[in-house]
1. Net charge within 11 Å of B:Q474 by Cβ-Cβ distance, Lys/Arg positive one each and Asp/Glu negative one each, not counting B:Q474 itself?
2. Could you compute how fast the stretch B:351-394 diffuses translationally, taking Rh as the Kirkwood radius over C-alpha pairs and applying Stokes-Einstein at 37 °C with viscosity 0.692 mPa s? Give it in µm² per second.
3. Report P(r) for the stretch B:227-303: all Cα-Cα distances, bin width 10 Å, range 0 to the bin holding the largest distance, values in whole percent.
4. Once the Cβ-Cβ distance between B:T286 and B:E35 is put in as r, and R0 is 35 Å, what FRET efficiency do you end up with, to the nearest 0.05?
5. Using a cut-off of 14 Å between beta-carbons, work out the net charge of the residues near B:Y33 (Lys and Arg +1, Asp and Glu -1, B:Y33 not included).
6. Among all the lysines, which ones have a C-alpha under 25 Å from A:K28's C-alpha, if same-chain residues fewer than 8 places away are not counted?
7. Please compute the average number of Cβ atoms from other chains found within 10 Å of each residue's Cβ in peptide A:20-32.
8. Could you give the alpha-carbon Rg of the stretch B:164-267 over 2.2 N^0.38 Å, rounded to two decimals?
Amino acid sequence: MEKGNLINEKTIEYLSELSRIKLTPAEKQRFEKDLNAILDYVNQLQAVDTASINLDEELLKIKTDLEAAEKTEKEKLSFERDDLIDGFYDRKEDWLKIPPIF
Amino acid sequence: MITLHELTIKKIHSLLLQKEISAFDLTKEFFDYIETKDKEINAYRLLLKDEALRQANEIDKKIAASENISFLAGVPLAIKDNILIRNYLTTAGSKMLAHYRAAYDATVIQRLKRAGAIFLGKTNLDEFAMGSSSENSAFEKPKNPLDLSRVPGGSSGGSAAAVASHQAVAALGSDTGGSVRQPASFCSLVGLKPTYGAVSRFGLIAMSSSLDQIGPIAKNVEDAAYILEIIAGKDSRDETSENFQFQARSIYERKDLRGIKIGLVKEIETSSFEKDLALSYQKSLTCLQQLGATIEEISIPHISLSLPCYYVLMPAEVSSNLARFDGLRYSPSEKAGSLKDVYFETRGEYFGPETKRRIILGTFVLSSGYYDAYYLKARLVQALIKKEFEEAFQKVDLLVWPTTPTPAFKFGEKTEDPLAMYLSDIFTVPANISGVPAVSLPIYGEGSLPYGLQFIAPHFQEAKMLNAAYLFEQTSNYGKFL
């Protein structure tokens, strides 16, 4: 992995955009420093030889219980729809009403 | 007058059955105490007094009618505020959810309710369970009852503070990188992280789904075991939950540790321990030997990479899990503009600094161009560490090492340096990365502040692990310090 700082002001701007989080100028500065320190620390992973690991094998160990999943689908949920909808920002009948996309 | 300090689950059960107290009076006594005590501790975010007293009344009716009651019936518990209790506010310590009312019960809550447990209230935590001191709470910051100038640990700091200050008999926390065990250790309590898959997380506000586990914080191993018995097992609403059954009485099976091999991981260098930790750790090992255990050194070559692994995988999952907090569905936002503006403004204003830091970091490690170098590499190293744990457990029955490198630290001591805060999880994270169960028990050196000793077992061997922990607790007798 390349040496030196991976994260600069521009990267932070871009990540803030991507993650839909508005950052203050002070936060941008702070996170630039913090992220570089954290990435510097986690970079020790790069030195590990993982050639013997096959993640597909790991994934195959995960079993999905389709029968249980189907049963859950049929089971009535223990909550009232209104209780969920009550948390909405704005609603029109049972729909979540959102601001315009553009 | 009941002495709240001396209460355990077992004691409450026998007092209730002998009709020496009623569940109602007991619950009321707890609330009277909380009213004054919590002004100094800040353990609770929300009290559920009316509902708790109503629940207690139901239990009293059952006792009066000589109905069978479970061990947990009438037992007052505190619940971490990232676990949903229907109809009550659940903030996860975040302004983002300041007004969010849970529409359903978490599976653990459903199971505890069925067993008759009483919920006194919801406890303070680091925002979305991200932190090691509870200082990242957007609301009240709980204090360590053993020393009010120190943190109770985190992220389940409020739960540990409530139990350690006798404002609850036991509590539920969640443990993604040590958030049950580390606060338990800082507050001289027992903290249990069950095997990944042992307890359903349905109704736990997700932080890092491949690592999150719910577990009890209690005054002793027995109490932790009683709670695990109730909350463990398959739940069709959490696909990762397994058909695991645990019986609390299994912790009494063995009377000593003869024939049990306990491994010390040589990569965890005792020479780096601070003096008091080294002393308390050495005393603990002697105690285990006195119980008949054989102690041998084994190797988990990449164990020290668990923490760097964690700080890639966890933020990646955080960035994805917390995408749902859009200011539209869970808490009404007053922000205006286009949809993107609402997202941008709401998330910018209502997430705290640590939450933002982890989302931004997670977004980075998942971004195109860096995904392979960070996320994928961390997954590979995780698989390697898991394999090394499996190999270690072919040689020994259990592993032990400390819970934290230091005792509870002072408020503000690590808030300026996130990496220093992260490093306080160095001994707890390996159990999450490998998915194995771990329990922390208080140990003491010469100082007045406790450390923790962790027992770590192979997947789903909670019975063997808690049996050994119980024997250790009986012999070391550190419970008396609280």
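Any read-out appearing in this document is the output of simple, stated calculations on the displayed coordinates, not a laboratory observation. In this text, all values refer to a predicted model and were calculated from it rather than measured experimentally. Cβ: placed from backbone, ideal geometry, glycine included. Neighbour counts: every protein chain shown.
1. So the environment of B:Q474 carries a net charge of -2.
2. My calculation gives 271 µm²/s for D.
3. 15, 27, 28, 26, 4
4. Once rounded, the FRET efficiency stands at 0.20.
5. Surrounding charge for B:Y33 is -3.
6. A:K3, A:K10, B:K95, B:K335, B:K340, B:K356, B:K414
7. 5
8. Computed over Cα atoms of the stretch B:164-267, the ratio equals 1.15.
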